[in-house]
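Visitor: Here you go, one structure.
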Amino acid sequence: MSTPASASISAGLSAGISTGSAAASPAERVSTPVDGVDVLGALSPSRAGDFLTCPLLYRFRTVDRLPEPPSVDAVRGTLVHKVLEDLFDLPAATRTPDVALSLLRPSWDGLMLEEPAYADLHGDDAAFDSWWASCESVLRRYFTLEDPTRLEPAEREVYVEALLGSKLLLRGFVDRIDVAPTGEVRVVDYKTGRSPGERFEATALFQMKFYALVLWRTRGVIPSVLQLVYLGNGEILRYSPDEQDLLATERKVEAIWAAITRAAESGDWQPRRSRLCSWCAHQSICPAFGGTPPPLPDGAVPADVVPG
């Protein structure tokens, strides 16, 4: 039997209640309502990663929905992803480094129209020029890792979602899905940073196993290869999952959601210090750094959910 508190949280999760005022995430804007199903909530690999990194960070992003200033690294990633997406709209023979570089400026202009705040991101012309050169550098490096003239992706920037038997909805965006003539599926994700050390490879692969689980549950096919393309230092991390991998991933996401639910019920979102704190936008209100989080409204629940 559920307690009044847990019943309230469950209702809030399935109704998509948010206590913050930030705009809906890209996934929320395109997610499909699950009619007739009492959905527990929704989880993306990014938000699952937030909770594993720091439960308080998860709270700030999905319960409070606190704004975060864009970072130069994140915007570089957005820009380069856009160029690589558009590159495959062109005839195969024209997918050259020079053509990719020529797409940078129109892609940047388009992003500026969507996010005018990017105009103040760099501070001065010298900083912008250095950042622009870094965008060009990672694009050139892409061509040392793959030959896009010989690739015809089946899908790019595709939204995927799957409802588990527990009624937890998994969702996210996959950069690229390749399908071989013989039917094998390869899931590809571009990273504009450097590849992780061996100690952190499992964390990096969690996102890809998450996508593989969604594709398996919705399409009945286990991807043959999960491929992370690191443009920061020109390395590729490949992994071939099997059914046991994906069942273990399903158990992991269920456990993460159970922990999120317990935190929501208790209101106890603990900070977890790590080297990633150096890049956190919320240090000033984090108890680990002497700050005080904003009050948690009664009945507050994670907002990374969709209507049931």
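FYI, it's all coordinate maths here, none of it is from the lab. Bear in mind that the values here come from a model prediction, so they are computed numbers and not experimental data. As a convention, Cβ positions derive from the backbone with ideal geometry for all residues, glycine included, and neighbour counts pool all protein chains shown.
Visitor: From the cross-link list K167/K209; K82/K167; K167/K191, which pairs have alpha carbons spaced over 28 Å apart? Please report the intermediate quantities before stating the final value.
Guide: On the way: K167/K209 19 Å; K82/K167 33 Å; K167/K191 31 Å.
Violating the 28 Å limit, Cα to Cα: K82/K167; K167/K191.
Visitor: Going 7 Å from the Cα of R272 along its beta-carbon direction, which residues of segment 165-183 have the amide nitrogen within less than 16 Å of the resulting point?
Guide: None, by backbone N distance to the label point.
Visitor: Something else: Amide H neighbours of E155 under 5 Å, at least 5 residues apart or on other chains, H built in the peptide plane: list them.
Guide: I177
Visitor: Note the direction-averaged projected area, equal to a quarter of the hull surface, for the Cα convex hull of segment 93-236, in nm². The partial results should precede the final answer.
Guide: On the way: hull surface 44.9 nm².
Average projection, Cα convex hull of segment 93-236: 11.2 nm².
Visitor: Express in nm, to one decimal, how much length is gained between D73 and V158 on full extension, taking 0.36 nm for each residue of separation and deducting their alpha carbon distance.
Guide: Working: separation 85, 0.36 × 85 = 30.60 nm, distance 2.24 nm.
That works out to 28.4 nm of additional length.
Visitor: Further question: If a paramagnetic tag sat 7 Å from the Cα of D242 along the Cα-Cβ line, which residues of segment 186-219 would have the backbone N under 20 Å from that point?
Guide: Taking a point 7 Å out along Cα→Cβ of D242, the residues of segment 186-219 whose backbone N falls under 20 Å are 186-187, 202, 205-206, 208-217.
Visitor: Any idea what the alpha-carbon Rg over 2.2 N^0.38 Å comes to for segment 72-150? Intermediate results must be reported in sequence, preceding the final value.
Guide: On the way: Rg = 12.9 Å, N = 79, 2.2 N^0.38 = 11.6 Å.
Cα Rg divided by the expected 2.2 N^0.38 Å: 1.12.
Visitor: Relative to the present Cα-Cα distance, how much length would full extension add between F289 and E265 at 0.36 nm per residue of separation?
Guide: Details: separation 24, 0.36 × 24 = 8.64 nm, distance 2.48 nm.
Here the answer is 6.2 nm.
Visitor: Kindly list the residues of segment 53-86 that lie in the label zone of S134, defined by a backbone N under 17 Å from the point 7 Å along the Cα-to-C-beta vector.
Guide: 69-82
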